[in-house]
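J.: Input: one structure, supplied below.
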């Protein structure tokens with residue numbers, strides 16, 4: 001059935017009127033009988049209809065647009081209100097003649113004529129009886145014709161087949177109404193309330209989705225049963241079409257609705273973005289494509305970018321993967337592919353920059369200048385991987401900035417301390433939520449060039465976790481033969497790192513993976529002497545702290561003597577970090593006096609230093625007297641530079657056993673055991689009675705027991721301490737020693753000599769005892785570091801005793 005309104009003619013208002021509506025009169029069987037008994041006039045005005053067929057009993061509204069039709073309606077409405085209604089054969093004909101209309105039509109009564117707001121005339125008519133045109137008598141001012149009534153053949157009331165057909169028509173009509181979402185449910189009640197079989201067939205025929213020709217074919221059928229059967233056939237076909245349509249719609253409705261929803265939302269978002277001055281999705285894609293054309297990419301990278309950009313273009317901006325894909329493409333566009341800063345090859349200027357920013361560090365400066373010289377001559381060189389090794393506070397990290405300025409390159413620094421995830425170096429795969437590139441690629445992007453100076457700070461403090469080994473991931477980064485195609489998991493492409501100048505820093509080489517250590521050039525940066533620290537404080541630390549505390553050189557002046565007092569009395573380190581803190585503390589003291597308008601000395605005195613910093617804290621840790629037997633000064637290497645330590649031994653009556661205290665490690669305990677066994681085996685040659693060795697217990701102690709101590713440097717000190725105790729002879733004053741021993745009486749060389757030498761100088765040591773093989777280490781140390789020191793080189797343990805033990809009396813000497 002057609003999607004028309006079903007309105008009651010008795011309650012019709014102008015607002016409800018629609019030319020596509022069907023109007024149902026309250027027709028009873030008596031009304032139908034009365035209508036059938038009406039006598040038709042012999043001549044009727046004929047009203048042609050373009051696109052509809054009127055059936056008997058059916059009420060329809062029609063709009064009259066042609067002048068002839070309007071005159072016909074007005075004349076008929078003023079007269080008997082009876083007209084003949086026929087359908088046109090061709091609805092496109094504007095002025096139909098007798099040849100253009102069907103011969104069979106329906107006599108209609110004009111029920112109401114309405115003047116519409118748009119000026120047209122709408123007339124409501126009701127079909128009465130069928131007729132056939134006999135002769136068209138005139139065509140002006142409208143068609144007039146003589147007619148003959150067409151009778152209808154009705155089946156007997158006992159015809160079961162006809163009754164079944166009528167019931168089927170009702171059932172199908174109700175089913176069609178339910179299946180069609182556009183037909184109101186009121187139509188169901190209208191169908192049920194129709195009592196006349198003839199009117200039911202006519203009403204359903206009028207409302208079906210049929211062509212004018214098909215409806216005309218139903219109208220001309222005289223046999224009501226045949227017309228009902230043909231109507232039922234059309235209804236079955238219409239129901240099948242409707243069910244198929246609904247089935248298809250139910251299958252595609254969700255996808256279609258979802259797509260339409262996303263489309264409309266996308267269009268709204270696009271409009272909002274444009275209104276706010278933003279960039280729409282399509283504009284963003286085009287900008288990326290345009291930007292990509294200006295990149296210095298090889299064919300492989302260019303093809304990969306186009307592929308990934310096409311993938312983004314096909315994506316819905318609302319899905320989660322869209323943001324990751326866009327970030328990926330933005331990374332590709334932001335990376336400095338083939339973009340290099342121009343190196344400055346003014347070697348004289350580079351030397352000035354390095355000397356200006358750092359005092360000392362001659363080996364490092366020389367290596368940088370050598371690199372620049374080769375780069376200047378060749379103009380293309382794979383950058384070396386330098387590793388600056390030394391204690392904290394000696395300037396390893398800060399030298400990277402100076403190198404970058406000397407070369408005219410960008411400066412990048414990342415801290416590797418505590419890094420335990422391989423993805424921090426290589427990046428995450430794009431498939432993971434929150435994926436991002438590794439810190440290497442991120443830093444290169446931030447630098448904006450492919451040849452920055454890249455400082456890898458604290459490379460010795462990398463650790464391994466359940467997410468891989470970062471130090472192994474660094475192997476590719478720091479290998480000049482591999483890093484030209486460094487692969488980042490997020491980028492999924494090789495990136496050239498061969499022009500990057502990597503500078504690593506480390507406090508302890510033993511914790512660095514051997515394969516990683518092999519790829520780096522180690523440059524040793526040892527601690528500073530007191531003289532060097534004084535110059536660093538004067539040229540760098542003091543001006544920096546004065547500036548940072550809002551003062552000027554007119555407000556405070558610190559002399560060289562006072563700086564030395566701070567260095568000696570308040571710091572004991574290889575670097576200058578602690579020294580800077582003490583200088584800052586002293587300047588804060590001055591700043592407070594200025595702010596509170598108190599009197600103070602512009603030129604700082606020794607008393608001012610003590611007032612600001614308190615009593616000296618480190619002088620007690622200098623060399624202590626060894627007036628008693630068994631006290632020896634040893635030299636040790638630590639991760640923060642060299643240090644001195646005291647080894648003490650004492651004898652007590654017993655059975656020749658040995659005990660040790662002082663939080664000693666396995667190696668130091670073994671050194672003590674070897675020293676005691678060597679003394680027992682060579683007691684007579686050392687001037688010791690064997691009975692004394694076997695009748696006295698020995699206790700060895702290394703003070704500051706809370707600090708763990710271990711290493712192969714205390715063997716000679718252990719031996720000297722035990723011999724001093726057994727002989728009750730004092731060790732030579734202001735002497736320190738380092739070296740390992742063997743059971744054969746040999747003295748072995750040890751490492752960390754420069755750090756130990758500097759520690760000895762800080763402790764006011766005058767003589768140092770070393771293995772003869774360590775003489776080559778002394779030769780590499782600057783002469784200024786060695787001033788005021790006397791070195792004794794030994795091969796055998798007997799030489800150690802000869803240089804270290806004196807015949808001077810000791811306090812409270814025991815008689816053994």
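J.: Between rounded, prolate and oblate, where does the range 495-544 land on the alpha carbon gyration tensor, with a ≥ b ≥ c its root eigenvalues, rounded for a/c under 1.5, else prolate if a/b exceeds b/c?
T.: Cα axes put the range 495-544 in the oblate bin.
J.: Still on this model: For a protection proxy built on the mean count of beta-carbon atoms within 10 angstrom, sort 441-450, 553-562, 790-799 highest first, please.
T.: The most tightly packed comes first, giving 441-450, 790-799, 553-562.
J.: Next question. Which length gain, in nm to one decimal place, applies between residue 151 and residue 461 when the Cα-Cα distance is subtracted from 0.36 nm times their residue separation?
T.: That works out to 100.6 nm of additional length.
J.: Please state the relative contact order of the chain as a whole percent: Cα pairs under 8 Å, 6+ residues apart?
T.: 7
J.: At 0.36 nm per residue, minus the direct Cα-Cα distance, what do residue 684 and residue 811 gain on full extension? Give it in nm, one decimal, please.
T.: 43.3 nm
J.: Over every pair of different alpha-carbon atoms in the range 281-334, take the mean of 1/r and invert it; report that Kirkwood radius in Å.
T.: It works out to 11.3 Å.
J.: For the chain, take the alpha-carbon Rg, divide it by the Kirkwood Rh, and send me Rg/Rh.
T.: So for the chain, dividing Rg by the Kirkwood Rh gives 1.44.
J.: What FRET efficiency comes out for residue 337 versus residue 432 if R0 is 22 angstrom and r is the Cβ-Cβ distance? Round to the nearest 0.05.
T.: 0.35
J.: Taking a point 7 angstrom from the Cα of residue 742 along the C-beta vector, which residues in the range 793-810 have backbone N less than 12 Å away?
T.: 796-797
J.: Can you sort 701, 466, 355 so the residue with the fewest Cβ neighbours within 10 Å comes first?
T.: Listed from fewest to most nearby Cβ atoms, that is 466, 355, 701.
J.: Report, in deg cm²/dmol and to the nearest 500, the calculated mean residue ellipticity at 222 nm for the chain, where each DSSP H run with n ≥ 4 adds -39500 (n - 2.57) and the sum is divided by the residue count.
T.: One gets -13000 deg cm²/dmol as the mean residue ellipticity at 222 nm.
J.: Here's something else I'd like to know. Quick one: which of 662-668, 566-572, 745-751 comes out on top by average Cβ neighbours within 10 Å, and what's the full order, highest first?
T.: Peptide ranking by packing, descending: 566-572, 745-751, 662-668.
J.: Figure the gain on full extension for residue 530 and residue 103 (residue separation times 0.36 nm, minus the Cα-Cα span) and round it to one decimal in nm.
T.: Contour length minus Cα-Cα distance gives 140.9 nm.
J.: To test your reading of the geometry: what angle, between 0 and 90 degrees and rounded to tens, separates the Cα axis of helix 347-357 from the longest principal axis of the chain?
T.: That works out to roughly 80 degrees.
J.: Starting from the Cα of residue 707, step 7 Å toward the Cβ, then list every residue of the range 559-580 with an amide N under 16 Å from that point.
T.: 569-575, 578
J.: For the modelled label position 7 Å from the Cα of residue 40 along Cα-to-Cβ, which residues of the range 127-164 have backbone nitrogen atoms closer than 12 Å?
T.: From the range 127-164, the list is 128-135, 145-152.
J.: Still on this structure, please answer the following. Simple spin-label model, 7 Å along Cα-to-Cβ: residue 161 to residue 226 in nm?
T.: Modelled inter-label distance: 1.3 nm.
J.: Would you mind computing, in nm to one decimal, how far apart the modelled labels at residue 71 and residue 617 are, each placed 7 Å from Cα along Cα→Cβ?
T.: 12.2
J.: Grab the beta carbon distance between residue 240 and residue 193, set R0 = 25 Å, and tell me the FRET efficiency rounded to 0.05.
T.: The pair residue 240/residue 193 has a calculated efficiency of 0.40.
J.: Another question, if that's okay. Report the FRET efficiency, 1/(1 + (r/R0)^6), for residue 95 and residue 316, where r is their Cβ-Cβ distance and R0 is 51 Å, rounded to 0.05.
T.: Computed FRET efficiency for residue 95 and residue 316: 0.35.
J.: How many percent of DSSP beta bridges within the chain run antiparallel, rounded to 5?
T.: 55
J.: Looking at the range 726-795 only, what percent of DSSP beta bridges run antiparallel? Nearest 5 please.
T.: 20
Rule-based calculations on the coordinates, nothing more; no lab input. Note that the coordinates shown come from a computational prediction; the quantities given were computed from them, not determined experimentally. Positions of Cβ are backbone-derived with ideal geometry, glycine not excepted, and every protein chain shown enters the neighbour counts.
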